[in-house]
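One structure is given below, encoded as structure tokens.
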Amino acid sequence: MPPGPIALFDKSFLQSLSVDESVFFDHFFLSVICPLFYVETLADLEKAIRQGRTPEQEVGMTAQKFPEMSGHPCVRHQQLCLGDLFGNSIPLEGRIPVLGGRPVKVNGTPGIIHDSVPEADAFRRWQQGKFLEVEREFARSWRDELNAIDLNAIATGVLQLGINPKDCRSLAQAKEMAGAIVNSEDKPFDKMKLLAASLGIPRQFHSPIMERWKMHGYQRLTAYAPFAAHVLTVDIFFQIALAAQLIGTERASNRVDIAYLYYLPFCMLFISSDKLHRRCAPLFLRPNQTFAWGVDLKADLALIDQHYKLLPDSEKAKGIFRFATSPPADTMVHSIWTRHFARPANRSQKLSGVAERQATNVPPPMEASGKDKIEYLKQFTDAPTLQEHEVDFDLANPDVLSIQRTVHRKKGSWWQVPDSKQ
């Protein structure tokens, strides 16, 4: 099981944290690294920063708080939508879609081993204060993709689908109107034309996409390509809300901000300190998902940080995996764990006393010791890659998933792995 609930976060939340608070965020949550987070962060390399900092210093400060113990970059939504439209199933129940990986087996147990991806390599360089031109190229290419989308064409397409934004009185109604259009069987050509404009799908793919959809009898888009349908619903919702003046047009960043909602299917909770997200994201969440206001979660992480700082130095030197096996019981993080990982009779700590414990329904993030877990995973990373004819398990559901990463032994005030003197 993951070290914590799978969490999608935006730049506003991570920037608000101290380095010490970010350690516990990384420890208690498994992060979905949204491509838009890279776009927003890398954009700082090309603009003036206040408070006397250079752009490199600003990005470096964000990189120091970046999750490094867990989590993984998510595939861009454009790639996922194309795969979805061509018949590649995209799970929408809170799993992070990642590219590649090599299949292995150890003593009959199937696993997938992921080597590092370019985006994660870039962030590691940022943490070391190293900035290459490739970073700026990431920023330019992804930002250009978003800016190249013809919003006027999308607005026209919305009208052609029979939507009158003037009839909309609330964001909830905008979501309902968008969902009704996408879920209907009417006007499949207009619908796909709008999706192509929304995603910036290259023209050479238009005919093959329509031909395949035709072979399936122009099935409802929500059943034929669920993730593409979700993305289209977000975009139609955004256009209706803009036209109805429910979302302001004065902030150019709203286009990027709303695009975070594309990635909601791949998390258990979404964390943001952005007011637009606070108003819109809950409309697109499944009943088993959570929206966490970043301001509140930051305050909670600060309490957890101060709580563990009461431990003696000898205990802290053992590493947070030894003494922070689950969130303190009277915290917001504990409540989130309880909701998403409900299991009986497991231990947790209370803020009222480090030594005091009580039975809870929250599981520990690692049932084995850190050393045992590392040795166990090493067997998989060292295992030979299976040939295609040897793979007899679902590649989307391996028993073991290993993602290689480089981490700091000590980050801020905290030993993430035991002090080498221990």
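The values are calculated or read from the model by the stated rules, or taken from the named source; none is laboratory data. Quick caveat, the model's predicted, so the values are computed rather than measured. Glycine also receives a Cβ, built like all others from the backbone with ideal geometry; neighbour counts cover every protein chain displayed.
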### Task
Test S31 against the stated conditions and say whether it is within 21 Å of I113 (Cα to Cα) and hydroxyl-bearing (S, T, Y).
yes
### Query
For segment 168-198, how many residues meet the condition of being surrounded by fewer than 18 Cβ atoms within 10 Å (Cβ to Cβ) and either touching a residue at least 60 places away in the same chain (Cβ under 8 Å) or closer than 20 Å to L285 by Cβ (or both)?
7
### Task
Output the residue which, of all residues in segment 64-79 that are over 12 Å from P35 (Cα atoms) and surrounded by fewer than 22 Cβ atoms within 10 Å (Cβ to Cβ), is farthest from the chain's Cα centre (by Cα).
Q64
#### Entry: Complete set of residues in segment 242-284 that are over 21 Å from R76 (Cβ atoms), among the hydroxyl-bearing types (S, T, Y) and in contact with a strand residue (DSSP E or B) (Cβ under 8 Å, 6 or more places away or on another chain)
S273
## Note on the structure
Per the list (1) among the aliphatic types (A, V, I, L, M); (2) in contact with a Phe, Trp or Tyr (Cβ under 8 Å, 6 or more places away or on another chain); (3) modelled with pLDDT under 80; (4) within 30 Å of R278 (Cα to Cα), residue check on A148 breaks on (2)
### Query
Say we look at segment 152-162 and pick out the residues that are over 17 Å from A229 (Cβ atoms) and in a helix (DSSP H, G or I); which of these is modelled with the highest pLDDT?
Q160
#### Entry: From the options L36, L99, residue that is surrounded by fewer than 19 Cβ atoms within 10 Å (Cβ to Cβ), of a type in the set (A, V, I, L, M, F, W, C), at pLDDT below 85 and within 22 Å of H230 (Cα to Cα)
L99
### Message
Please go through (1) part of a helix (DSSP H, G or I); (2) at pLDDT 85 or above for R124 and return the number of the only condition it doesn't satisfy.
### Response
(2)
### Query
So which helices (runs of 4 or more DSSP H) are wholly in segment 163-282 and hold at least 2 residues that are within 24 Å of D296 (Cβ to Cβ), modelled with pLDDT of 95 or more and under 22 Å from the mean Cα position of the chain (by Cα)?
275-280
### Message
Looking at L297, L285, can you tell me which residue is within 28 Å of S326 (Cα to Cα), under 14 Å from the mean Cα position of the chain (by Cα) and at pLDDT 95 or above?
### Response
L285
